[in-house]
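The values are calculated or read from the model by the stated rules, or taken from the named source; none is laboratory data. Predicted model only: the values in this text are computed from it and were never measured. Cβ placement follows ideal geometry from the backbone for every residue including glycine, while neighbour counts extend to all protein chains displayed.
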Amino acid sequence: MSGAGSSAGSTGGTGGTGSAGSASGPGSTGGTGSTGGTSAVPGRPDTAGRPPGTVPDPRRGPVVAALMLGMALAALDGTIVSTAVPQIVGDLGGFAVFSWLFSGYLLAVTVTLPVYGKLSDTFGRKPVLITGIALFLLGSLLCAAAWDMGSLIAFRIVQGLGGGAIQGTVQTIAADLYPLKERPKIQARLSTVWAVSAVAGPGLGGLLAAYADWRWIFLINLPVGAVALWLVVRHLHEPARTKNRPATRPRIDWAGALAVFACGGLLLFALVQGGVAWPWLSAPSLALFGASALLAAATVVIERRAAEPIIPGWVWRRRTIAAVNLALGSLGLLMVAPTVFLPTYAQSVLGLGPIAAGFVLSVMTLSWPLSAALSQHAYNRIGFRLTAIIGITCAALVLLAFPLLPFPGAAWQPALIMLLLGAALGLFQLPLIVGVQSTVGYAERGTTTASVLFCRQVGQSVGAALFGAIANATLASRLAAAPEGIRDGLPGDLDSVSHALGDPGSLTAEAAEYLRRAVDTAVDHVYVGAAIAAGLALLALVFVAPRRFPVITETEETPAG
């Protein structure tokens with residue numbers, strides 16, 4: 001999927017600033033359009049007398065290259081590791097806990113996003129991005145040296161601490177570098193990075209694991225990250241942050257950061273482990289959710305009293321930001337259906353191999369960035385909100401079409417569904433990202449973008465837990481309702497279903513057919529749930545978002561210098 005959202009961005013080339021929004025673009029409140037990037041001297045007209053933010057900076061190229069390389073580190077991370085799990089488990093053991101290779105990384109990324117967003121607004125984007133890349137590379141090196149599964153999981157968390165800074169800051173620097181009319185170009189490039197990573201990651205991971213060693217999956221990050229780090233240090237120059245800044249030293253809300261980290265970590269841990277390590281209504285689940293609620297209340301109290309809160313209240317008081325947070329949280333929720341359950345459907349129901357099943361999913365990554373790049377033609381005419389409404393409405397209809405596919409059907413049918421879904425979501429996501437970043441100035445963009453990413457990540461975690469429970473409940477119901485003549489040949493519990501699907505020869509023909517139909521029904525129910533999530537995003541845009549996004553003009557933008 002494409003990456004979206006970001007932390008607060010900085011400047012490229014000579015250190016000129018990009019505008020937070022230009023022009024009377026879609027949903028704007030006024031101003032005139034800007035066509036260029038940054039001025040040669042921050043905050044001053046160029047030699048031709050043109051205002052700052054209107055002169056393209058020829059040296060943005062190295063910074064954009066650094067952003068794309070940094071995004072590639074984060075985008076490749078999940079896909080390249082997934083195909084090497086059998087080799088990792090065979091070498092280190094720990095099959096019972098290997099899922100934490102992904103969950104631990106996800107936890108670290110999610111709970112640190114708000115912290116990094118605030119830090120980038122306070123201290124600048126460059127130090128945050130450098131810290132993030134350095135942490136990610138350190139985690140990669142440690143992962144390559146792991147001696148057992150426990151150490152590998154711990155080092156993956158270190159990677160995640162860096163990944164949170166990379167994911168947030170890269171997108172915001174892109175927003176700072178480019179004015180409103182040019183932002184679709186850089187966002188499309190970053191979306192293409194995610195698309196290429198989704199397609200190439202599994203194959204690259206499989207090749208390294210099969211013909212080299214799984215440790216190279218982490219070592220390959222080092223040269224890529226080193227180049228990105230050098231480009232950032234060498235070419236990303238932030239001007240002095242003095243305007244509208246108090247002379248006193250910035251105050252960091254460490255108590256709020258710790259509270260956000262603890263609350264988010266505990267909640268995500270409960271979502272990841274619930275229904276897997278213990279039942280949802282068991283004592284451990286109830287205790288974790290109860291403790292999460294108490295920590296959430298404590299976090300609200302701490303943040304209200306903080307002079308510079310990590311998650312300021314205006315993030316939810318401003319209708320535009322609140323609506324985008326809710327809408328992209330719903331996007332994270334619905335994306336679980338194709339990314340998690342479609343490969344199982346393709347292999348278990350359609351009988352495809354892993355490579356063909358991956359292709360069925362990857363076609364979505366082809367249409368998504370193309371649709372995102374073209375979305376500017378829509379929102380320049382009809383506005384951010386209406387463009388996103390059209391996109392999410394189409395996505396809901398596409399998701400509802402999935403249960404109408406014939407059984408077992410042909411591979412091109414779900415592939416076509418994914419192609420259309422990618423096109424719809426590209427039309428939905430990018431206008432919201434560009435739009436919300438253009439409603440805030442430099443000093444607030446990091447916090448705003450981090451809140452969007454945070455909500456999307458939490459949505460993914462909730463979706464994995466929720467849709468996993470829906471799929472399990474459907475399968476359990478179908479197994480219990482099996483006819484007498486077939487029931488004896490079916491797996492006795494849900495844990496045995498995956499083994500049976502992996503070895504269909506162990507089942508009778510009737511039992512295998514019944515189990516395939518059960519999986520088909522379970523995935524259908526998940527897609528209906530994803531369509532409902534799309535409906536929630538639609539409601540947020542219709543009833544919460546303002547009719548026109550209050551895009552700020554260049555003269556209203558607070559310069560980075």
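Among the residues of the stretch 208-222, those that are within 20 Å of Asp148 (Cβ to Cβ) and not in a helix (DSSP H, G or I) comprise Asp213, Trp214, Arg215.
Scanning the stretch 297-309 for residues that are part of a helix (DSSP H, G or I) and surrounded by fewer than 17 Cβ atoms within 10 Å (Cβ to Cβ) yields Ala297, Ala298, Val300, Val301, Arg304, Arg305. Would you call Ala134 within 26 Å of Val233 (Cα to Cα), in contact (Cβ under 8 Å) with a residue 12 or more places away in the chain and surrounded by fewer than 24 Cβ atoms within 10 Å (Cβ to Cβ)? In short, yes. Is the stretch 265-274 home to any residue that is surrounded by fewer than 16 Cβ atoms within 10 Å (Cβ to Cβ) and at pLDDT below 85? No, there is no match, as no residue in the stretch 265-274 is surrounded by fewer than 16 Cβ atoms within 10 Å (Cβ to Cβ) and at pLDDT below 85.
Residue under question is Leu180, and the condition is that it be buried (at least 22 other Cβ atoms within 10 Å of the Cβ), within 18 Å of Ala228 (Cα to Cα) and of a type outside the set (Lys, Arg); does it hold? Answer is no for this residue. If you go through the stretch 360-375 and pick out every residue that is more than 18 Å from Val340 (Cα to Cα) and either at pLDDT 85 or above or among the charged types (D, E, K, R) (or both), you end up with 6.
Could you tell me whether Leu107 is modelled with pLDDT of 85 or more and touching a helix residue (DSSP H, G or I) at 6+ places or on another chain (Cβ under 8 Å)?
Judged against the criteria, Leu107 is not a match.
Residues to consider are Ala287, Ala255; find the one that is in a helix (DSSP H, G or I), at pLDDT below 90 and closer than 30 Å to Ala465 by Cβ.
Ala255
The residues of the stretch 472-485 that are assigned to a helix (DSSP H, G or I), modelled with pLDDT under 85 and either surrounded by 20 or more Cβ atoms within 10 Å (Cβ to Cβ) or of a type outside the set (Gly, Ala, Ser) (or both), listed by number, are Asn472, Leu475, Arg478, Leu479, Glu484. When the stretch 512-545 is filtered for residues that are out of contact with any Phe, Trp or Tyr (no Cβ under 9 Å at 6 or more places or on another chain) and outside any helix (DSSP H, G or I), only Val544 remains.
Output the residues belonging to the stretch 391-408 that are among the aromatic types (Phe, Trp, Tyr) and surrounded by fewer than 16 Cβ atoms within 10 Å (Cβ to Cβ). Phe407, the sole residue that qualifies.
No other residue among Ser461, Ser438 is in contact with a strand residue (DSSP E or B) (Cβ under 7 Å, 6 or more places away or on another chain) and either buried (at least 24 other Cβ atoms within 10 Å of the Cβ) or closer than 29 Å to Val115 by Cα (or both) apart from Ser438. Do we find that Ala373 is more than 18 Å from Leu425 (Cβ to Cβ), touching a residue at least 24 places away in the same chain (Cβ under 8 Å), surrounded by fewer than 21 Cβ atoms within 10 Å (Cβ to Cβ) and among the small types (Gly, Ala, Ser) in this structure? Spelling it out, it is not the case that Ala373 is more than 18 Å from Leu425 (Cβ to Cβ), touching a residue at least 24 places away in the same chain (Cβ under 8 Å), surrounded by fewer than 21 Cβ atoms within 10 Å (Cβ to Cβ) and among the small types (Gly, Ala, Ser). Scanning the stretch 144-185 for residues that are more than 22 Å from Arg445 (Cβ to Cβ) and of a type in the set (S, T, N, Q) yields Ser151, Gln159. Among the residues of the stretch 441-454, just one is surrounded by fewer than 24 Cβ atoms within 10 Å (Cβ to Cβ), part of a helix (DSSP H, G or I) and either at pLDDT 85 or above or within 17 Å of the chain's Cα centre (by Cα) (or both), namely Glu444.
What do you reckon, is Val436 modelled with pLDDT under 90 and hydrophobic (A, V, I, L, M, F, W, C)? In short, no.
Filtered by the rule that a residue be closer than 28 Å to Leu374 by Cβ and among the polar types (S, T, N, Q), the stretch 411-470 gives Gln413, Gln429, Gln437, Ser438, Thr439, Thr448, Thr449, Ser451, Gln457, Gln460. Could you check Leu107 against (1) within 18 Å of Leu141 (Cβ to Cβ); (2) surrounded by 23 or more Cβ atoms within 10 Å (Cβ to Cβ); (3) in contact (Cβ under 8 Å) with a residue 60 or more places away in the chain and say which number it fails? Here Leu107 clears every test but (1).
Tell me yes or no: at least one residue of the stretch 449-458 is within 25 Å of Leu177 (Cα to Cα) and either touching a Phe, Trp or Tyr at 6+ places or on another chain (Cβ under 7 Å) or small (Gly, Ala, Ser) (or both). Yes, the stretch 449-458 contains at least one residue that is within 25 Å of Leu177 (Cα to Cα) and either touching a Phe, Trp or Tyr at 6+ places or on another chain (Cβ under 7 Å) or small (Gly, Ala, Ser) (or both). Taking the condition at pLDDT 85 or above and either part of a loop (DSSP other than H, G, I, E, B) or in contact with a Phe, Trp or Tyr (Cβ under 9 Å, 6 or more places away or on another chain) (or both), does Leu294 pass? Judged against the criteria, Leu294 is not a match.
When Ala175 is tested against (1) within 18 Å of Val111 (Cα to Cα); (2) surrounded by 24 or more Cβ atoms within 10 Å (Cβ to Cβ), just one condition goes unmet, and that condition is (1). Scanning the stretch 139-158 turns up no residue that is basic (Lys, Arg), buried (at least 22 other Cβ atoms within 10 Å of the Cβ) and either under 30 Å from Ala306 (Cβ atoms) or touching a residue at least 60 places away in the same chain (Cβ under 8 Å) (or both).
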